[in-house]
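Colleague: My structure is below; once you've seen it, I'll send some questions.
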Amino acid sequence: MDYLKLKEFLIMTELNSLTIKQAKEGLIKREFSSFDLTEACLAQIEKVDKKINAFIKPIAPTYDDVVSAARKADKLLSSNQDLPLLGIPIAVKDNFSTMGIRTTASSKVLDDYIPPYDATVVKKLKDAGAVLIGKTNMDAWAHGSSTETSDYGSTKNPWNTKHLPGGSSGGSAAAVAADEAIAAIGSETAGSIRQPASWCGVVGLKPTYGRVSRYGVIAMASSLDSPGPITKTVEDSALLLRVLAGTDEFDATTSLPPVGDYTLPVVDNKIKNLKIGISDEYFIDGIDKEVESAVRLSIEKLEKMGAKIVKINLVKPKYATSVYTIIQRSEVSSNLARYDGVRFGKDRKLFGEEAKRRIVLGTYSLSSGYYNQYYNRAAKARSLIVNDFEKAFEKVNVILGPTSPSLPLHAGASENAAMFGEIADILVEPSSIAGLPGINIPIGFSKSMLPIGMQIIGRQFAEDLVLQVAHQYEMATANENWRKKRPNL
Amino acid sequence: MVKKHEISKSKDLIISSTGTTARSEISSASVTYFSDDKTRIKHIAELAALDITQDEGVKLSQQLDETLAYINNLKDLDNLVSQLEPSSQITGLENISREDEPSPSLSQDEALKNAKATQNGLFKVKGVLNND
């Protein structure tokens, strides 16, 4: 078969639309090779990425490198090696350092930066046998919730390319939604995994802060940054988290409790008598009506599955937005101070508008005379939010709410909106500030065929419970018609 | 939009347990720096080593005020948080250390590979103390 015919064939087989679990089964049974699987993803990228721009161009690693990684995986498979991600093509957000592969964080400041080492997350993926298929587009420096601040052009929402994919991990979420990769890695400071996952109709997990190492991730706000998986199913999310999680000698903030076996078979009736907290404060003024009714309907479904719905009162999310804005911008101004064009990267002149905006506020809030007014006040309010969740978790097992207050917005929506990202992420900021794990799962579509998501939040290190609840919801709604829809690209 | 500099100047001086004197001394100077829009952004840009054009400065100043107006809602919480300690992190971890043992690291070549200018195996930087 010549190469063009092979590619046509692979597109027909739709191997690229498989989940990690399905792909693993196929690889182990020798139904197809990692080469076939990888080629199917590459063919899909070639077919659709000009429309959605989920990957940084030119796509790195090179075709030859990707294929040789797949061939290497095939060799290991044929010798019956058992690695959790052996031969699975995975896309990685471009703020994860990749040894020998350009890493820009979507900023021209790092346009020619070739890291001399791998981020711990990347090393863990490689050790688990994954095939790195490309680096995904994002808001520059992860500043934003639209990917419109990328210096390499915005990513588009695969469900409707006139709409935004969300961000900052918009490229990773879009790549998974468009079946350009079997799964992807994102990072969240407050919303950057869950919100694009919600807008692109995929599963996005933000782990407990410290559960996954930040070593080698281009830092945004160091007290908040949390790498995590973006996947097609909750099961895949669990599988990836198990690979990614753990202490790291290179990141002193990684957490000590042992990593759970998130992939344990689902215990029946986990939902029965589970106390799910619902806070009316999360159905904020101005929330999209379709989002609200979809989430309320999902809550009813969980109630029918045996859950007990408990009303709780949480601090209004608008205060979390302020806390987050101050803390994040303060940490941004400090983290971006290192880019001096001396050791790596280019001149500070190349910072885009959003980075400058954040550096300005951060520098202001940390400057003498204003520190108490802003940073210190925010740090105290952060304690209030942490305590608020602790109290809530005395009464409930998990908290549930909409992930985003809106449907995916139109392209261009972030322009000249000084706090676009912070407002778009209003419902995920409180849990991020408190370092809690949270997952977005798709729950349906709007009349206009745009995805709607719901988030489940747990106490620190309760990833196992959060994943189980999400998984059981996914199983119980597996046959709903909307799940059959695919983006039309 | 927030009325500019409704923030009272004297009461905002830091009165914390750490660095009280130093901060307070600089504070009176920086309050003047921040006293009008132009010098405010100019001073921040200097502190942050950013090149900002005049047009950018006007826009950034306006957006800074918009953002400050929003985050001022934290004042609503002042009574609730007055007794709380500030949280700068949420891990509860303290003093994570390791033995100070040498281990392999980047080679000199690898470390210099991304530098725009090197000399004798070192990073080359612009003069810091001279004016030329």
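The values are calculated or read from the model by the stated rules, or taken from the named source; none is laboratory data. What you see is a predicted model; the values in this text were computed from it and never measured. Using ideal geometry, Cβ is built from the backbone for each residue, glycine included, and neighbour counts are taken over all protein chains shown. Accessible surface areas use protein heavy atoms only, side chains included; no ligands, DNA or RNA. Shrake-Rupley method; radii C 1.70, N 1.55, O 1.52, S 1.80 Å.
Colleague: May I ask you to verify whether A:Gly421 is more than 11 Å from chain B (Cβ to nearest Cβ), in contact with a Leu (Cβ under 9 Å, 6 or more places away or on another chain), crowded, with 23+ Cβ neighbours inside 10 Å and not basic (Lys, Arg)?
Modeller: When the stated conditions are applied, A:Gly421 does not pass them.
Colleague: Please work out if A:Val310 is more than 7 Å from chain B (Cβ to nearest Cβ), assigned to a loop (DSSP other than H, G, I, E, B) and either crowded, with 23+ Cβ neighbours inside 10 Å or in contact (Cβ under 8 Å) with a residue 12 or more places away in the chain (or both).
Modeller: No, not satisfied.
Colleague: Just to be sure before I move on: is A:Ala173 within 14 Å of another protein chain (Cβ to nearest Cβ), of a type in the set (A, V, I, L, M) and under 16 Å from the mean Cα position of the chain (by Cα) in the structure I sent?
Modeller: No.
Colleague: I need the full set of residues from the range A:101-141 which are more than 25 Å from A:Gly87 (Cβ to Cβ) and among the small types (Gly, Ala, Ser), in order please.
Modeller: Within the range A:101-141, A:Ala105, A:Ser106, A:Ser107, A:Ala140 meet the criteria.
Colleague: Something else: Can you tell me which residue among A:Ile426, A:Ile452 is open to solvent by 10 Å² or more (accessible area, probe 1.4 Å) and within 20 Å of the chain's Cα centre (by Cα)?
Modeller: Result: A:Ile426 is the single residue among A:Ile426, A:Ile452 that is open to solvent by 10 Å² or more (accessible area, probe 1.4 Å) and within 20 Å of the chain's Cα centre (by Cα).
Colleague: Go through the range A:205-216 residue by residue and tally those that are under 14 Å from the mean Cα position of the chain (by Cα) and either over 12 Å from A:Thr253 (Cβ atoms) or open to solvent by less than 10 Å² (accessible area, probe 1.4 Å) (or both).
Modeller: Residues in the range A:205-216 being under 14 Å from the mean Cα position of the chain (by Cα) and either over 12 Å from A:Thr253 (Cβ atoms) or open to solvent by less than 10 Å² (accessible area, probe 1.4 Å) (or both): 5 in total.
Colleague: To continue, here is another question. Only one of (1) facing another protein chain (nearest Cβ under 7 Å); (2) open to solvent by less than 10 Å² (accessible area, probe 1.4 Å) is not met by A:Arg377, so which one is it?
Modeller: Of everything listed in (1) facing another protein chain (nearest Cβ under 7 Å); (2) open to solvent by less than 10 Å² (accessible area, probe 1.4 Å), A:Arg377 misses just condition (2).
Colleague: Any residue at all in the range A:276-288 that's small (Gly, Ala, Ser), open to solvent by less than 10 Å² (accessible area, probe 1.4 Å) and closer than 23 Å to A:Leu400 by Cβ?
Modeller: yes
Colleague: From the list B:Val31, B:Val81, exactly one residue is at the interface with chain A (Cβ under 8 Å from one of its Cβ atoms) and at pLDDT below 90. Which is it?
Modeller: B:Val31
Colleague: If I ask for residues that are assigned to a helix (DSSP H, G or I), away from every other protein chain (no Cβ under 14 Å) and either within 22 Å of the chain's Cα centre (by Cα) or without any contact (Cβ under 8 Å) to a residue 60 or more places away in the chain (or both), which ones from the range A:382-406 would you list?
Modeller: Correct list: A:Glu394 only.
Colleague: List the pairs whose first member sits in the range A:343-370 and is more than 13 Å from B:Ile52 (Cβ to Cβ), whose second member is part of a loop (DSSP other than H, G, I, E, B) and of a type in the set (Val, Ile, Thr), and whose Cβ atoms are under 6 Å apart, counting only residues at least 6 apart or on separate chains?
Modeller: Correct list of pairs: A:Glu354/A:Thr149.
Colleague: Can you tell me which residue among A:Ser97, A:Ser106, A:Ser78 is within 14 Å of chain B (Cβ to nearest Cβ) and farther than 21 Å from A:Cys41 by Cα?
Modeller: Only one candidate qualifies: A:Ser97.
Colleague: Let me ask another. Taking the range B:85-132, which residues are of a type in the set (D, E, K, R), under 30 Å from A:Ser431 (Cβ atoms) and facing chain A (nearest Cβ under 9 Å)?
Modeller: Hit for the range B:85-132 is B:Glu85, nothing else.
Colleague: Would you check which residues across the range B:48-88 are free of Cβ contacts under 8 Å to residues at least 12 places away in the same chain, of a type in the set (A, V, I, L, M, F, W, C), surrounded by 18 or more Cβ atoms within 10 Å (Cβ to Cβ) and assigned to a helix (DSSP H, G or I) and list them?
Modeller: Residues satisfying the conditions are B:Ile71, B:Leu74, B:Leu77, B:Val81.
Colleague: For the range A:24-53, what are the residues that are open to solvent by less than 10 Å² (accessible area, probe 1.4 Å) and either farther than 18 Å from A:Pro165 by Cα or in contact with a strand residue (DSSP E or B) (Cβ under 6 Å, 6 or more places away or on another chain) (or both)?
Modeller: Across the range A:24-53, the qualifying residues are A:Gly26, A:Leu27, A:Ser34, A:Leu37, A:Thr38, A:Glu39, A:Ala40, A:Cys41, A:Ala43, A:Asp49.
Colleague: Something else now. Restricting attention to helices (runs of 4 or more DSSP H) lying wholly within the range A:151-249, give those where 1 or more residues are at pLDDT 95 or above and either of a type in the set (Asp, Glu) or in contact with a Cys (Cβ under 6 Å, 6 or more places away or on another chain) (or both).
Modeller: Passing ranges, in order: A:170-177, A:234-244.
Colleague: Let me ask something else about it. Take the range A:335-350 and flag every residue that is in contact with a Ser or Thr (Cβ under 8 Å, 6 or more places away or on another chain) and either at the interface with chain B (Cβ under 7 Å from one of its Cβ atoms) or open to solvent by 20 Å² or more (accessible area, probe 1.4 Å) (or both).
Modeller: Result: A:Leu350, single match.
Colleague: Please tell me if A:Ser168 is within 10 Å of the chain's Cα centre (by Cα), open to solvent by less than 10 Å² (accessible area, probe 1.4 Å) and within 21 Å of A:Arg358 (Cα to Cα).
Modeller: Judged against the criteria, A:Ser168 is a match.
Colleague: Going through the range A:313-333 one residue at a time, which ones are over 24 Å from the mean Cα position of the chain (by Cα) and either in a helix (DSSP H, G or I) or more than 10 Å from chain B (Cβ to nearest Cβ) (or both)?
Modeller: A:Asn313, A:Leu314
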